[in-house]
Structures are given as C-alpha cells and as structure tokens.
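The values are calculated or read from the model by the stated rules, or taken from the named source; none is laboratory data. The structure presented is a predicted model; accordingly, all values stated were derived computationally and were not measured. Cβ atoms come from the backbone with ideal geometry, glycine included; neighbour counts cover every protein chain shown. What goes into the accessible areas is simple: the full protein's heavy atoms, side chains included, and nothing from ligands, DNA or RNA. Shrake-Rupley method; radii C 1.70, N 1.55, O 1.52, S 1.80 Å.
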Amino acid sequence: MRIAMLGAGYVGLVSGACFAEFGVEVCLVDTDAAKIAGLREGRIPIYEPGLDRLVEDNAREGRLRFTTDLAGAMAGAEAVFLAVGTPSRRGDGHADLSYVFAAAEQVARAATGPLVLVTKSTVPVGTGRQVRDIVREARPDLAVEVASNPEFLREGSAIGDFMRPDRVVIGTEAGPGGERALAVLRRLYRPLYLFETPIVATSIETAELIKYAANAFLAMKVTFINEMADLCERVGADVHDVARGMGLDGRIGSKFLHPGPGYGGSCFPKDTLALARTAEDAGSPLRLVETTVAANEARKATMAERVVAAMGGSVAGKTIAVLGLTFKPETDDMRDAPSLSVLPPLAAAGATIRAFDPSGMDYARQLLPASVEYAASALEAAEGADALVLLTEWNAFRALSPARLRAAMRGDVLLDFRNVYDPEAMRAEGFRYHSIGRP
Ligand SMILES: NC(=O)c1ccc[n+]([C@@H]2O[C@H](COP(=O)([O-])OP(=O)(O)OC[C@H]3O[C@@H](n4cnc5c(N)ncnc54)[C@H](O)[C@@H]3O)[C@@H](O)[C@H]2O)c1
C-alpha cells in the first residue's frame, strides 16, 4: 500500500514514519525545500524521542521517502493525507485554514486518478466539506473521497501514542464512496488490530468535533486543577493530595491533574480558542471553554508577578536563572510555551535572564527577547543567580543536586512552577522555596 503525506512537521513526520513502520510505502511532501533536503540527508528537523531511528530505519528500507514534488509523491498513492499546520488566525482566534485549503487544491491539480483525501490536521467542523468542494471544483472529472482522521499524539511520546493509540477516529461521508474511503483507512491502521484498538467510524463533522472536544476537555481539566491550586494556597491545602483524592475516582481519572504555570504548546491554546469561535458562530456558545481560555491566559500572565513578588517586589538588576523553556519536556516545541509569557515581562522589568533548556534553545532564540542569555547547563545558568525559576519539568532537572544549585547561586529564591522538588528538602538546603498550590 502506498500513501502520500503533505506536511513533514511534528504530526506529518511522526505519522509518516509510523505508517512506514507498519509496512506502508510513504512519501512525505513538504513545501519547505530545506526541510526535505535535510531529511534526505538524515537530519531530523524536530526533537522527538525515537524519531531519528524510526526515520533512518524506514528510509533505509525504502518505505519512507521525502520530496517537494507532489505529483511524483502521489503516483500510485491510495490515500493522500493533509498534515499541514492550522495555527490561530491573527486577530480573531479562528483556525487559519489557508494551508489546508492550498494543499487540498494542490492535491486536486496533481491527481491523475481516483483518490482518498484524508485531513489529519486539526480543523474546525465543516472544513472537510469545504475541502471536498475545493477539490470537486478544481477537478470535476475526478472521483475524490474526503475523510477526516484527526491525530491525538502527544509531542514527547508521539511514536508510542501513534503506534498504540487509545482509539482511531475516522470520519467519512455516507454512501459507497465514503465506505471505500473507510475501507482504505481501516486497511492502513490494520496493524493496530493486534492491540484491539477501537476504531470510531463516524461522519466527517463528528470526527472533526471529537478532536476539539477532547483537547478542550483536557485543557479544562488542567485549568481546573490550576485554579484549585490557587485556592489551596489561600486556604492551606495541598493540591497534590486534592488531585490524588479526586483522580482516584474512576469517573475523574488522575491524568491532566498536575498544576503548573498554565497550559501552552502547539495545540491546546489554538484549539480551545478555535472551538470557542466555532461554537459562537454556530449560536451554541461553549462557556466552559471560553472561561478556560481566559483563565489560562490570565494565569500565564500572573506567573511573572509571582517571580517579582518572591524577589521582594522588584527584579531590576537581578539575575534570574531559568530551567526549561519548551512547553513540556521531551520536545523542542516552543509554540505558546509559558516561558514566552513569563520571561519577556521580567526582562522588560530589568532582570538579566539566563536560561537553559536541553533541546529548545535554538527555537527559543527566535522567540524570546534578544537580551535573554543561554547557558550550556542548568548549573551554569544558576551560577551567581539571585533566583531560579523552574518552568519545564525535564527529568534532568529533577536529578539536580539541591546543594550544588544552592552553592552556585548568589541568592536563595527558588520558584518551582512544576512542583518537581520536595519543599522540605529545598527549605532544608536554605532555599526560599515557592511552588504551586502547596502550603
Ligand atoms: N503538534 C502536535 O502535537 C499535534 C498533535 C495533534 C494534531 N496536530 C495538528 O496537526 C497539524 C499539523 O501540526 P504540526 O505541529 O505537525 O505542524 P508543523 O507546523 O510542525 O508542520 C506543518 C508542515 O506543513 C508544511 N506545509 C505547509 N503547507 C504545505 C503544503 N501545501 N504542502 C506540503 N507541506 C506543507 C510546513 O512546511 C510544515 O513543515 C495541525 O493542524 C495541528 O493542530 C498537532
């Protein structure tokens, strides 16, 4: 079986490599010629654990190819996937569908025979129908079936998530054409039958909405525990015990109940916003999602204020060491990372920021103020610092010796925005230790 995948980003590259691992012949297409040239030479454009090996193995076996030539990639392909970006549209928060629509049109023009066109990008409900109209208008002569196959992988554990997902969602149109598309997609995902992975086969609109509903629910759960953490601080309770006591209830579940500086990343912020806009337009507003978006934005802004307060009301002339810049560990992805909200106001207030992140610093340099300095290690960042802020819970930071950190620093303020350290141990080491939602 042969497929083409448009977009060699976080989703396209992982999905393409994993399908190749399933035994499918995959041709990855990207408009970014430098990215494709790099991939051909074995350079992986993103950091994702295990991806380099998977790409290398499948490229060597000839199952995974990279090109900018769409027509060539589509030759003999039974399905063409769209895994291009759908960022927030500037100004109004709707999903920017220009990449999806452009890609759909390019596919239609390049097609030489019947085809299944699958949207893997996260797109608002109704987009599948628009994609179908674009393709039919460009190529009324062709039999093209559209389908929706949203992706649920998490950066940092993307390969495991793709290979052993909780479910696969497939949306198709009613009628024989839709059934053909569903059959092609079922065949592609056949190796997952080994794990008895449920396939949720549904309409395109429902599939599109499932993806947003899932992301919005998870974002809401994170925001819920973050607000609960703030309440815990006021009333002397411990948010970790609250989360454990809640999470052990099977109806609630323990995941996504870890307090922090507010959710970030390439999906939750833009997807919650886009869903709220879709609902508003449909005349069926989602107040919980709207509130989640607002509460999370406000939270990220208050994190810098926490740093200022911990330093006695001013950071001017102070050196702040920052551990972790990416939106979560095990990725280099900086999109909407909390660091982008926390660090600029501190730099603007006159602090010298010295940051270290195991894999996000190249990306961070493009997004953070030019005055931010970058260290080669956590200890180097801490050297002579007045305060230390832990923003991303990389495992390497859990393993740091508190005594060595404390000895390297000039000051004694430690703000642990991910609650990775033990408050007692940190206080015993002489830190003025602040965490989230703990007494
Ligand atoms: N990143 C995640 O964890 C994640 C998880 C699930 C779903 N998604 C969704 O998947 C989609 C892709 O996200 P991403 O993070 O992989 O984006 P990305 O920005 O990393 O990658 C998108 C790629 O598409 C390429 N591209 C754009 N137009 C193209 C075209 N016409 N033809 C070929 N390539 C083209 C870009 O050059 C880029 O390399 C988004 O809709 C996102 O919401 C992302």
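Listed conditions (1) in a helix (DSSP H, G or I); (2) away from the ligand (no atom under 16 Å from the Cβ) are all met by Ala276, apart from (2). If the condition is being touching a strand residue (DSSP E or B) at 6+ places or on another chain (Cβ under 6 Å) and under 24 Å from Ala77 (Cβ atoms), then the stretch 138-173 contributes Val144, Glu145, Val146, Ala147, Ser148, Asn149, Pro150, Val168, Val169, Ile170, Gly171, Thr172. Counting only residues that are crowded, with 19+ Cβ neighbours inside 10 Å and among the small types (Gly, Ala, Ser), which one in the stretch 384-396 is farthest from Ala425 (Cα to Cα)? Here the residue is Ala385. Selection of the stretch 108-154 for residues being of a type in the set (Val, Ile, Thr) and away from the ligand (no atom under 13 Å from the Cβ) yields Thr112, Val116, Val125, Val135, Val144, Val146. Residues that are touching a residue at least 12 places away in the same chain (Cβ under 8 Å) and under 22 Å from Cys18 (Cα atoms) within the stretch 169-189 comprise Val169, Ile170, Gly171, Ala181, Leu182, Val184, Leu185, Arg186, Arg187, Leu188, Tyr189, listed in sequence order.
Number of residues in the stretch 255-293 that are farther than 21 Å from Thr86 by Cβ, under 19 Å from the mean Cα position of the chain (by Cα) and hydrophobic (A, V, I, L, M, F, W, C): the value is 2. Would you point out the residue of the stretch 397-411, among those that are open to solvent by 20 Å² or more (accessible area, probe 1.4 Å) and out of contact with any helix residue (DSSP H, G or I) (no Cβ under 7 Å at 6 or more places or on another chain), that is nearest to Glu330 (Cα to Cα)? For the stretch 397-411, the residue satisfying everything is Arg398. Of Ala370, Ala364, Ala381, all but one fail to be of a type outside the set (S, T, N, Q), over 19 Å from Gly312 (Cα atoms) and either in contact with a helix residue (DSSP H, G or I) (Cβ under 6 Å, 6 or more places away or on another chain) or open to solvent by 40 Å² or more (accessible area, probe 1.4 Å) (or both); the exception is Ala370.
When restricted to residues that are in contact with a Gly (Cβ under 9 Å, 6 or more places away or on another chain) and exposed (fewer than 14 other Cβ atoms within 10 Å of the Cβ), the stretch 135-153 contains 1.
Look at Ala4 and say whether it is among the aliphatic types (A, V, I, L, M), within 25 Å of the chain's Cα centre (by Cα) and modelled with pLDDT of 95 or more. Answer is yes for this residue.
Residue check: is Gln106 within 21 Å of Gly76 (Cβ to Cβ) and of a type outside the set (A, V, I, L, M, F, W, C)? Criteria met by Gln106.
The rows are residues; the columns are (1) more than 16 Å from the ligand (Cβ to nearest atom); (2) surrounded by fewer than 15 Cβ atoms within 10 Å (Cβ to Cβ).
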position	(1), (2)
Gly156	no, no
Met163	no, no
Asp166	no, yes
Glu173	yes, no
Leu185	yes, no
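Condition (residue is at negative phi, away from the ligand (no atom under 16 Å from the Cβ), at pLDDT below 95 and open to solvent by 20 Å² or more (accessible area, probe 1.4 Å)) applied to the stretch 299-320: is it met by at least one residue? Scanning the stretch 299-320, I find at least one residue that is at negative phi, away from the ligand (no atom under 16 Å from the Cβ), at pLDDT below 95 and open to solvent by 20 Å² or more (accessible area, probe 1.4 Å), so the answer is yes.
Selection of helices (runs of 4 or more DSSP H) fully inside the stretch 291-389 by the criterion of at least 1 residues being closer than 25 Å to Val222 by Cβ returns 339-348, 361-367. Counting the residues of the stretch 89-100 that are out of contact with any Gly (no Cβ under 7 Å at 6 or more places or on another chain), open to solvent by 50 Å² or more (accessible area, probe 1.4 Å) and within 12 Å of the ligand (Cβ to nearest atom) gives 1. Could you give every pair whose Cβ atoms fall below 6 Å, whose first residue belongs to the stretch 273-287 and is without any contact (Cβ under 8 Å) to a residue 12 or more places away in the chain, and whose second residue is not in a loop (DSSP other than H, G, I, E, B), counting only separations of at least 6 or pairs across chains? So the pair list comes out as Pro285/Ala279. Each residue in the stretch 60-79 was checked for being within 15 Å of the ligand (Cβ to nearest atom) and either of a type in the set (Val, Ile, Thr) or out of contact with any helix residue (DSSP H, G or I) (no Cβ under 8 Å at 6 or more places or on another chain) (or both), and 6 pass. Residues that are of a type in the set (Val, Ile, Thr), within 16 Å of the ligand (Cβ to nearest atom) and open to solvent by 20 Å² or more (accessible area, probe 1.4 Å) within the stretch 201-216 comprise just one, Ile210. Cβ-Cβ distances below 6 Å connect the following pairs, each with a first residue in the stretch 98-121 that is in contact (Cβ under 8 Å) with a residue 40 or more places away in the chain, a second residue that is of a type in the set (Asp, Glu), and a separation of six or more residues or different chains: Val116/Glu145; Lys120/Glu151.
All conditions in (1) of a type in the set (Gly, Ala, Ser); (2) touching a residue at least 40 places away in the same chain (Cβ under 8 Å); (3) open to solvent by less than 10 Å² (accessible area, probe 1.4 Å) hold for Gly76, with the sole exception of (3).
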